[in-house]
Amino acid sequence: MDRRAFFKKSFGASLLAGSYLALNREGLFASTARSRTSLPFDLVAVRGGEPEVMFTKGMEALGGIGAFVKKGQRVVVKPNMGWDVPPERGGNTNPKLMAEIVRQCLGAGAKEVYVFDHTCDSWQRCYKNSGIETAVKDAGGKIAPAHTEGYYHDVTIPGGKVLTRAKEHELVLESDVFFNVPILKNHGGARLTAALKNLMGNVWDRRFWHANDLHQCIADFATFRKPNLNIVDAYYVMKRNGPRGVSVEDVVTMKAQLFSTDIVAIDTAAAKLFGMDPNDVAHIQIAAEQNVGRMDLEKLNIKRITV
């Protein structure tokens, strides 16, 4: 199906809408403070279970999927699906997690749940060999293409310092609810892939980012539209040779997930879970300085759950 036919069938004749608009793992699961959001917790950290079980526990702590998804809404879930590798290589978001997100969104009454990524390897092979395409379809969701420029539309980024314009995928621009679901892993250029970095898969021209201060561009784009929820998959975590990885020897099994509406807070926590000082990841610091979110985890209300 070509681009026009796909989106005509999927979206009808609707126009683009208001979306234009401690350094060790154990330290993360230790003490709590006062809340600063309307949700029960600013951040939820879950560990020790299978992906679908951890997601359920995390969402329950935030008030359930119904706190984010209402009947009749169009949901877009953006995983990391950029690499032609199987799940155990830790290159892409876990397909079991993706399936459970789709199931719960549809169970909450979502009209449609779409999943896409602007891949680095062949998009059809990435979608298939990541296991995400089958998982999403089996759960009732829809896989969408993102491999040609026609799927993307110009947006202005008023808060950007280097990145002031971009081409963003129309699914995100059309969405009522947008979930950002990266996998946590090492990255040679950005040092760390988590929620902020995963938004690069929303846009067309990533070469500009790499050529014009990657960290600043990552932070700039985060000022444009904040996801309704960020969920960091840390089941399989690639500790070196990212973002693609070389073999399963690059990967450790952490069995963890993080949840937050604050994209800076979740990346700060993700860096600590990874074993890295978040102050050493420039785009996290820059995004905090641009008031995208907060790095002061000690002042946030964090729920820690062990399955």
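Here, each number is a calculation from the coordinates, and none is a lab measurement. If you're wondering where the values come from, they're calculated on a predicted model, not measured in any experiment. Cβ: placed from backbone, ideal geometry, glycine included. Neighbour counts: every protein chain shown.
List, in the order given, every pair from K57/K142; K70/K137; K161/K226; K57/K137 whose Cα-Cα distance in the structure shown is over 19 Å. Violating the 19 Å limit, Cα to Cα: K57/K142; K70/K137; K57/K137. Packing around the peptides 58-69, 255-266, 42-53, 294-305, taken as the average count of other Cβ atoms within 10 Å per residue, puts them in this order, highest first: 255-266, 42-53, 58-69, 294-305.
Between D205 and T306, full extension at 0.36 nm per residue minus the direct alpha carbon distance yields a gain of 32.3 nm.
Oblate is the label for the stretch 156-206. Its Cα gyration tensor axes, ordered a ≥ b ≥ c, give a/c of at least 1.5 and b/c at or above a/b.
The translational diffusion coefficient of the chain, from Stokes-Einstein at 10 °C and 1.306 mPa s with a Kirkwood hydrodynamic radius over alpha carbon pairs, comes to 84 µm²/s. For the pair N279 and N241, label points projected 7 Å from Cα toward Cβ lie 3.3 nm apart.
Loop only per DSSP, at most 16 neighbouring Cβ atoms within 10 Å: give me the trypsin sites (Lys or Arg not before Pro) in the stretch 91-156, ordered by residue number. If you can, show how the numbers build up before the last one.
Values: sites: K96, R103, K111, R125, K128, K137, K142; in loops: K111.
Those that pass, being in a loop and sparsely packed, are K111.
If you restrict to DSSP beta bridges whose two residues both lie in the chain, what percentage is antiparallel, to the nearest 5? In the chain, DSSP labels about 50 percent of beta bridges as antiparallel. As a proxy for reagent exposure, I218, I157, I183 were ordered by neighbouring Cβ count within 10 angstrom, fewest first; the result is I157, I218, I183.
From the square roots a ≥ b ≥ c of the eigenvalues of the alpha-carbon gyration tensor of the stretch 179-228, which class results: rounded (a/c under 1.5), prolate (a/b over b/c), or oblate? Oblate. Protection proxy ranking of 145-153, 232-240, by the mean of other Cβ atoms within 10 Å over each peptide's residues and highest first, is 232-240, 145-153.
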